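Below is one structure; the comments refer to it alone.
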Amino acid sequence: VKLYDFTLAPSPRRVRVFLAEKGIAIPIEQVDIMRNANRTPEFYRKNPSGSLPILELDDGSHLSESVAICRYFEETHPLPALFGVGAKEQAMVEMWNRRVELSIFAPVGHVWSHLSPVSEGRAKRIREFGLIQRDAAAAGFAMLDRAIGGNQFIAGARFSIADITTLCMVDFARTVDIKIQPEQQNLARWYARVSSRPSSKA
Ligand SMILES: N[C@@H](CCC(=O)N[C@@H](CS)C(=O)NCC(=O)O)C(=O)O
């Protein structure tokens, strides 16, 4: 197997952190998406959407979507369980992972695309849309802070892919100046806990 990755991008990082938590080491090839190295006919054959991460399997087939890739490794290396254990916990992990992806990660991505100087010239931008998405991301941070409460991890007592998604989102959000607010102490404690794990360096 081989992972197509771009170190600076948050989605492939989700897979790198997941692999680090599992103790799995695989070959990694960098693809510079800022230079559109992913927008080639050859690359579209690996993933029609052209986005990273992509996992190349030994039979020559390709998997994309970070969660699908993580699910593959959850099946091949079940321990430690990162998608929850048992019906309720697995559903909680799914709930939080989707919630963070759809209601926070996506707006942060839109802020990057529509407002960041780094993404200027890549695609049509609408400043007003970016500002609305910035508010949506901020509301998402407040929601997360309320939800975490005194829990150790996003989906409850066990570290999961929902923590990985949130970690990668929070770090990426910082690049567009969306930060954990001083009053969001639950979120701040969670961030300190999760970013001190060795996997966060992946
Ligand atoms: N839902 C996808 C999102 C993938 C995605 O948006 N990847 C970005 C990097 S974070 C990318 O490759 N962007 C470059 C492009 O689309 O040209 C996943 O989780 O894998």
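In this rough spin-label picture, where each label sits 7 Å from Cα along the Cβ direction, the Arg127-Arg45 distance is 4.4 nm.
Each label point was placed 7 Å from the Cα along the Cα-to-Cβ direction; for Ala91 and Leu8 their separation is 4.3 nm. Think of it as helices only: each DSSP H run of n ≥ 4 in the chain is worth -39500 (n - 2.57), and spread over all residues that comes to -16000 deg cm²/dmol at 222 nm.
In region 124-160, which trypsin sites (Lys or Arg not before Pro) fall in coil by DSSP and have 12 or fewer other Cβ atoms within 10 Å?
Answer by residue number: Lys124.
Look at the alpha carbon pairs under 8 Å that are at least 6 residues apart: their mean separation over the length of the chain gives a relative contact order of 21 percent.
In plain terms, the residue of Met143, Met92, Met34, Met169 with the fewest other Cβ atoms within 10 Å comes first and the most crowded comes last, giving Met34, Met143, Met92, Met169. Relative to the compact-globule estimate of 2.2 N^0.38 Å, the Cα radius of gyration of region 108-148 comes out at 1.32.
Entry for region 89-202 at q = 0.14, 0.17 Å⁻¹: log10 I(q)/I(0) = -0.56, -0.79, Debye formula applied to identical alpha-carbon scatterers, no solvent contribution. Available extension along the chain between Gln181 and Ser195 is 3.4 nm, counting 0.36 nm per residue and deducting the alpha carbon span.
If you sort the three axes of the alpha carbon gyration tensor as a ≥ b ≥ c, you get a/c of 1.5 or more for the chain and a/b no higher than b/c, which makes it oblate. In a reduced charge model with +1 at each Lys and Arg Cβ and -1 at each Asp and Glu Cβ, the chain shows a dipole moment near 380 debye about its Cα centre. Helices of the chain meeting both criteria, an alpha-carbon length of 24 angstrom or more along the long axis and an average Kyte-Doolittle score not below -1.0, with helices taken as full DSSP H segments, are 127-148. P(r) tail for region 1-48: Cα pairs beyond 16 Å make up 42% of the total.
Taking only the alpha-carbon atoms of region 155-202, what semi-axes of the equivalent ellipsoid follow from 5 times the gyration tensor eigenvalues under a square root, in whole Å, largest first?
On the way: eigenvalues 59, 38, 18 Å².
Taking √(5λ) for each Cα gyration eigenvalue gives 17, 14, 10 Å.
Our summary gives region 150-202 a relative contact order of 29 percent, counting only alpha carbon pairs under 8 angstrom and 6 or more residues apart. Across region 1-82, the relative contact order, built from alpha-carbon pairs under 8 Å that are at least six residues apart, equals 35 percent.
What length, rounded to one decimal in nm, is gained on full extension from Ala139 through to Arg35, with 0.36 nm per residue of separation minus their alpha-carbon distance?
34.2 nm
Close lysine pairs were tallied over the chain: pairs 8 or more places apart or on different chains with Cα atoms under 21 Å apart number 5. Taking GluC sites (Glu not before Pro) across region 87-153, the ones in a DSSP loop with at most 15 further Cβ atoms lying within 10 angstrom of their Cβ are Glu120.
Throughout, read-outs are computed from the coordinates displayed, never taken from laboratory work. No experiment lies behind these values; they were computed from the predicted model shown. When we count neighbours, we look across all protein chains shown, and the Cβ atoms used for this are built from the backbone with ideal geometry, even at glycine.
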